[in-house]
Amino acid sequence: MDFRLTDDQRALQKGVRELLAGRFGPEALRATVERGGTVDRELWRQLGAAGFFSLRLPEAQGGAGLGLPEAALVFEEAGRALLNGPLVATHIAAERIPEAADGTRVVTCTTQLRSLIPHFGEADAALVIDGAGMRTRDPKDLPTRPVRSMDPLTPVHRIPDGTPGKAPPRPDAVLLTAAEQLGSAARTTETAVRYAGEREQFGQPIGGFQAVKHLCAQMLVRTELARSAVYAAAVTGDFTEIAGAKLLADEAAVRNARDCLQVHGGMGFTWEAEVHLHLKRAWLRGQMWLTAAEAEEIQADALASAL
């Protein structure tokens, strides 16, 4: 099985990166933090027009007719850029809500963070995924209250009565969240390497010190290991492999952000650097759709059944 990207996939990846660089660069990121992480509706509509949410819809329904591997590449770029908003939920909702497909409606989901719902306050619709299946609800019909989020780019609400009914995780949602984590891990690796080449101590770049070299090398290894797992799982669609990819991508995103902070020193904790934003988002994504503990249980069950 060939996991190498095709020319069309590389072109898609490049196009999305250029779109986000132009529409969600450092200034837009800072502006989003200042306004509390709310969704930029104009950008959301532009993403819809570019096919971000309708990527996997059939061409007869106005989509691009592409598959999970292409969607993973797109969401990887979103993770690199720290693009905020209920991206995965709106992408999934496109199959049943036309306004979600074209970016004119923001859709969140009640199972992304169990009893916590990201971007609930500005959502036009909510997907409720529980033991009864997937339903579309008006957010006004769901009693919630706002709570403080660990990620300044992701406002969240809590359902006071507890969690929705237990439902199997959606494999595509898990995989696309892993792809976002992969993009974040790659971005913090690049950021650490660049900073290590610019910052000087004792008359030389800190990248020349063995300890810093080792940190950057370990970040690269984690990123590429997660990349291989995410890309392979996107091709096979096997849920056990998807769970493993999420586990590796979560680890890469969190540990790479921590190591990137280590390379930056005190500078990494300031608002001038985006490193701490990657760490906080990685922590949050680690609880979305499938946690590390749940992924480990899936892996353990698969190994046990193979004996």
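The values are calculated or read from the model by the stated rules, or taken from the named source; none is laboratory data. All figures in this text were calculated on a predicted structure; none of them were measured in a lab. Neighbour counts are summed over all protein chains in view; Cβ atoms, including those assigned to glycine, are modelled from backbone coordinates with ideal geometry. Keep in mind that these areas ignore ligands, DNA and RNA; they rest on the heavy atoms of the full protein, side chains included. Shrake-Rupley method; radii C 1.70, N 1.55, O 1.52, S 1.80 Å.
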Val74: open to solvent by less than 10 Å² (accessible area, probe 1.4 Å) and farther than 16 Å from Val174 by Cα, yes or no?
no
Working only within region 91-126, note down all residues that are β-branched (Val, Ile, Thr), without any contact (Cβ under 8 Å) to a residue 40 or more places away in the chain and surrounded by 24 or more Cβ atoms within 10 Å (Cβ to Cβ).
Val107, Thr108
Filtered residues of region 244-280 (kept if among the charged types (D, E, K, R) and either surrounded by fewer than 24 Cβ atoms within 10 Å (Cβ to Cβ) or part of a loop (DSSP other than H, G, I, E, B) (or both))
Glu251, Arg255, Arg258, Asp259, Glu272, Glu274, Lys280
Which strands (runs of 3 or more DSSP E) sit wholly inside region 133-239 and have at least 2 residues that are open to solvent by less than 40 Å² (accessible area, probe 1.4 Å) and either in contact (Cβ under 8 Å) with a residue 40 or more places away in the chain or closer than 21 Å to Val275 by Cα (or both)?
156-158
Selection count where residues are surrounded by fewer than 12 Cβ atoms within 10 Å (Cβ to Cβ), not in a helix (DSSP H, G or I) and not polar (S, T, N, Q), scope region 4-34:
2
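Just to check your reading of the model, which residue among Gly62, Gly67, Gly85, Gly79 is open to solvent by less than 40 Å² (accessible area, probe 1.4 Å) and on the phi > 0 side of the Ramachandran plot?
Gly85
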Regarding Ala243, is this residue of a type in the set (Gly, Ala, Ser), farther than 27 Å from Arg30 by Cβ and in contact with a Leu (Cβ under 9 Å, 6 or more places away or on another chain)?
yes
Residues satisfying the stated conditions in region 236-250, i.e. within 14 Å of Leu220 (Cα to Cα) and under 13 Å from the mean Cα position of the chain (by Cα)
Ala249
Output the number of residues of region 85-100 satisfying the condition of being under 16 Å from Ala173 (Cα atoms) and modelled with pLDDT of 90 or more.
11
In region 281-307, which residue that is of a type in the set (A, V, I, L, M) and surrounded by fewer than 17 Cβ atoms within 10 Å (Cβ to Cβ) is farthest from Val221 (Cα to Cα)?
Leu307
